[in-house]
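Here's the structure we're looking at; comments come further down.
The values are calculated or read from the model by the stated rules, or taken from the named source; none is laboratory data. Everything quoted here is computed from the prediction, not taken from an experiment. Neighbour counts run over all protein chains shown; Cβ positions are idealised from the backbone, glycine included. Note: accessible area is taken over every heavy atom of the protein model, side chains too, but ligands, DNA and RNA are not part of it. Shrake-Rupley method; radii C 1.70, N 1.55, O 1.52, S 1.80 Å.
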Amino acid sequence: MDTIFALASAPGRSGVAVVRVSGDRSWEAVKALAGSVPEPRRMVLRTLRDRSGVQLDEAMVVAFAAGASFTGEESAEFHLHGSIAVVRAVLAELALVDGCRPAQPGEFTRRALENGCMDFTQVEALADLIEAETEAQRKQALAVLSGALSGRVSEWRQKLVRAASLLEVTIDFVDEDVPVDVTDEVVGLLKDVLSDIQSELRGLDAAERVRLGFEVAIVGPPNAGKSTLLNNLAGRDAAITSEIAGTTRDVIEVRMEVGGLPVTFLDTAGLRETQDPVERLGIDLARRRAEAADLRVHLVEHGGQPEIEVRSGDIVRWAKDDSGVYEDGLSGRTGFGVPQLLSRIEEVLSERTAGIGLTSRERHRDSLIRSRTYLEQAVSGLEDGMSEVDILSEDIRLGIRQLEILVGKVEVEHLLDEIFSSFCIGK
């Protein structure tokens with residue numbers, strides 16, 4: 001297998017630039033540029049030179065032995081001065097080392113997966129960590145990257161293997177008396193796992209919203225101050241404001257962090273009856289986006305009624321209360337009530353993420369539901385006194401297989417290219 005190399009830090013000028021090398025020619029590459037290979041896991045200062053002896057840079061160099069690196073392979077890193085010219089020269093010199101080539105996007109992480117240093121859920125979590133914009137996303141990604149989900153699945157698998165092995169005993173002794181009735185223990189093990197799977201499924205939606213972000217729609221009639229409020233929240237003129245009704249025709253989005261959670265605020269067209277076909281299209285879009293939003297902020301005139309149904313958790317505020325007269329008033333122009341609004345949004349969304357799970361993707365849901373189905377079939381058969389023990393045992397094995405798919409031990413090859421294409425070259 002080729003030895004690969006790439007710039008692992010951000011491109012462009014920087015204080016320090018890190019070039020990573022991985023593969024069985026890594027130490028040869030270090031020797032070619034630095035003259036000798038330092039003691040593994042000990043960073044040392046070296047003068048890097050090209051093949052003709054011309055100095056490239058003064059750099060810190062560290063080597064990692066096979067089995068003790070991110071990829072599981074022999075590897076090394078060059079910590080260079082963050083000059084574009086220096087990085088370009090070092091990468092060009094590495095390309096001249098026999099057996100070395102530039103890495104593809106995500107190739108370092110892919111090798112870590114193939115060498116058993118990570119499982120598929122950890123690879124997904126690393127991708128999420130790279131994309132994380134908020135504190136909640138960072139914590140969620142790190143929890144899975146640390147192996148928390150893998151550990152939980154491993155515990156489930158151990159219980160299911162134990163349950164299957166107990167049933168196998170009854171198959172082996174089909175013509176003899178089995179010394180102990182294993183049904184109660186097997187059912188107990190299966191129900192323990194089913195309870196955990198159900199709990200994880202309950203928390204999956206919340207975890208998915210943390211990963212992808214929540215949508216909060218600002219809705220109300222024309223000239224209710226929706227765009228002015230959005231601009232106040234954004235701290236800039238994200239939307240055009242005007243006294244002319246129907247100014248907003250499209251949905252304008254502003255993404256920000258609220259209490260550590262990723263939130264996209266939607267400024268929607270004013271809701272009213274209109275003969276203007278373009279405005280009507282905007283209103284139809286506004287209704288659809290508001291319906292799909294996780295939360296709606298309804299702006300209404302004092303004493304009026306919201307334009308659309310208020311769902312549980314929705315927030316209603318009296319619009320354009322520039323003088324701060326009403327307790328539940330709100331003014332995007334003066335900022336009155338905006339901090340209280342953000343606090344309420346944070347409170348509502350925090351309540352919805354209270355039971356957050358470790359799984360956060362649709363493929364996770366699919367594997368958990370399939371595993372649950374097989375295990376429920378096994379429990380039902382056992383409790384009904386089903387005698388075809390081999391069928392029940394097969395249901396348990398199929399349930400285990402779905403959990404193995406979840407962590408990527410089987411049947412994920414078709415997902416790898418999609419996942420790794422989102423990684424930067426140095427990952």
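With a Förster radius of 45 Å applied to the beta-carbon distance between Arg288 and Glu114, the computed FRET efficiency rounds to 0.55. If you sort Arg51, Arg287 by accessible surface, 1.4 Å probe, largest first, the order is Arg51, Arg287. Three principal axis extents describe the C-alpha atoms of segment 2-72; from largest down they are 32, 27, 24 Å. Put simply, when 198-207, 102-111 are sorted by average Cβ atoms within 10 angstrom per residue, most first, you get 102-111, 198-207. Of Met386, Met43, the residue with the largest accessible area leads and the full order is Met43, Met386 (1.4 Å probe). What does the net charge come to around Phe70 if you take all other residues with beta carbon closer than 11 Å to its beta carbon, with K and R at +1 and D and E at -1? Around Phe70, the surrounding residues sum to +1.
Charge dipole (Cα centre; +1 on Lys/Arg Cβ, -1 on Asp/Glu Cβ; no other charges) of the chain amounts to roughly 2140 debye. Full extension of the segment from Ser83 to Arg13, taken as 0.36 nm per residue of separation minus the current Cα-Cα distance, would add 24.7 nm. With K and R counted +1 and D and E -1, the other residues having a Cβ less than 15 Å from that of Val216 yield a net charge of -1. Pairwise alpha-carbon distances in segment 32-105 exceed 13 Å for 68% of all pairs. Evaluated over the Cα positions of segment 324-390, the convex hull gives a direction-averaged projected area, one quarter of its surface, of 8.6 nm². Each Lys or Arg adds one and each Asp or Glu takes one away; over the other residues whose Cβ falls under 14 Å from the Cβ of Ser36, this sums to +2. Using the rule -39500 (n - 2.57) for each DSSP H run of four or more residues, divided by the residues of the chain, the 222 nm mean residue ellipticity is -15000 deg cm²/dmol. Structure note, pairs Lys31/Lys427; Lys139/Lys320; Lys139/Lys409; Lys139/Lys427: Cα-Cα distances above 30 angstrom occur for Lys139/Lys320. Using Cα centres only, tell me the gap between segment 102-126 and segment 322-366 in whole Å. Taking the Cα centre of each part, segment 102-126 and segment 322-366 sit 36 Å apart.
Within segment 282-345, the ratio Rg/Rh, alpha carbon atoms throughout and Rh by Kirkwood, equals 0.98. Extending 7 Å from the Cα toward the beta-carbon at both Arg333 and Asp24 defines two label points whose distance is 7.5 nm. Restricting the calculation to alpha carbons of the chain gives Rg and Dmax of 29.0, 88 angstrom. With the highest mean first, a sort of the peptides 114-126, 52-64, 69-81 on other beta-carbon atoms found within 10 angstrom per residue produces 69-81, 114-126, 52-64. In the context of the full protein assembly, Glu39 retains an accessible surface of approximately 120 Å², using a probe radius of 1.4 Å and ignoring ligands and nucleic acids.
Sorted from longest to shortest, the spans of the Cα atoms of segment 25-179 along the three principal axes equal 82, 39, 26 Å.
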